[in-house]
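> Before we start, here is the structure in question, set down as structure tokens.
The values are calculated or read from the model by the stated rules, or taken from the named source; none is laboratory data. Remember, predicted model here, so these are calculated numbers, not experimental data. All Cβ positions, even for glycine, are placed from backbone atoms using ideal geometry, and neighbour counts span all protein chains on display.
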């Protein structure tokens, strides 16, 4: 089995070391000092008091690696959009692409029946770039639960968690899905296979769409946002708006909103990824977390006043800091953006 980790950062590097050490033929697409360190010394994983090192092909140019059985895309949503065509050399006739981005994925309406089947979400895939370059039929949806970080170039530190959600957009239990899940389980990681991966995507997104922007705006940690009466109320209102949208399109929420917020509070003084990006001067991953939900709300005719407010404030903050928009052109704020498969 040949697996390329495209975007071998903290999560991708964690997966790469575990899979490689279990016997999988793993290669990496990375960049910068991280790539240079991997080439020189291998990729090191700090986990449970141990140092695990794995050597594997690593490059910035995917053409050096050739077609793969699976490509696991570990980039952030805006980076995945920017690099869609660069993935072409990795894609053979039967290559599956596993999307591991936070938020609403670009392929969301592929495999769904009804009036919105194969709609393309322009807030996360402007110009249908990924839809055309990769193709939704290649996709296996993924969700990420571990927390990891790059301790230094070439070194990934594992903080907690080992589970990854997987599922086919068409809700089928395919052979390619089963083979990938088996490989992940055999590596010491855990694969959770879902009949509808969208339910798990919404469960993660439910918290991310409110906690991330609120933290970026206020600089507050997760425990504060979830317990302060004002920010907790705002988060709850945003989550209820999102739940109404998700349920309109068939998603199931198996956890109540209060329990979901309480769970976030128990995480403690955690700085969300968006807050970390703001503090580091990196582009914020806003469109997949909020713009796409707003876009789906318009399609569903669900009012989103709290989502609209927080999205507008976070956009302006991002623009003032030079961290947004992450796509070449800001998405329209006046009309639904998704378009049908025929364009």
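> Could you please find all residues in region 58-94 being over 23 Å from residue 181 (Cβ atoms) and either free of Cβ contacts under 8 Å to residues at least 24 places away in the same chain or loosely packed, with under 15 Cβ neighbours inside 10 Å (or both)?
60, 61, 63, 64, 66, 82, 85, 88
> Something else: Just to be sure I understand, how many residues within region 202-220 are at pLDDT 95 or above and either out of contact with any helix residue (DSSP H, G or I) (no Cβ under 9 Å at 6 or more places or on another chain) or outside any helix (DSSP H, G or I) (or both)?
Qualifying residue count, region 202-220: 2.
> Which condition from (1) surrounded by fewer than 22 Cβ atoms within 10 Å (Cβ to Cβ); (2) in contact with a helix residue (DSSP H, G or I) (Cβ under 9 Å, 6 or more places away or on another chain); (3) closer than 28 Å to residue 247 by Cα is the one that residue 174 breaks?
The one condition residue 174 does not meet is (2).
> Could you identify the single residue in 179, 204 that is in contact (Cβ under 8 Å) with a residue 60 or more places away in the chain and within 29 Å of residue 42 (Cα to Cα)?
The conditions single out 179.
> In addition: Considering each of 154, 135, 142 in turn, give the residue that is surrounded by 17 or more Cβ atoms within 10 Å (Cβ to Cβ) and within 24 Å of residue 84 (Cα to Cα).
Matching residue, one of 154, 135, 142: 142.
> A further question follows. Among all residue pairs at least 6 apart or on different chains, which show Cβ distances below 7 Å where the first residue, located in region 262-278, is outside the structural domain of residue 215 (by TED's automatic domain parsing) and the second is surrounded by 15 or more Cβ atoms within 10 Å (Cβ to Cβ) and in a loop (DSSP other than H, G, I, E, B)?
Taking only residues 6 or more apart or on different chains, not a single pair turns up.
> Just to be sure before I move on: is residue 32 touching a residue at least 60 places away in the same chain (Cβ under 8 Å) and either out of contact with any helix residue (DSSP H, G or I) (no Cβ under 9 Å at 6 or more places or on another chain) or under 28 Å from residue 178 (Cβ atoms) (or both) in the structure I sent?
yes
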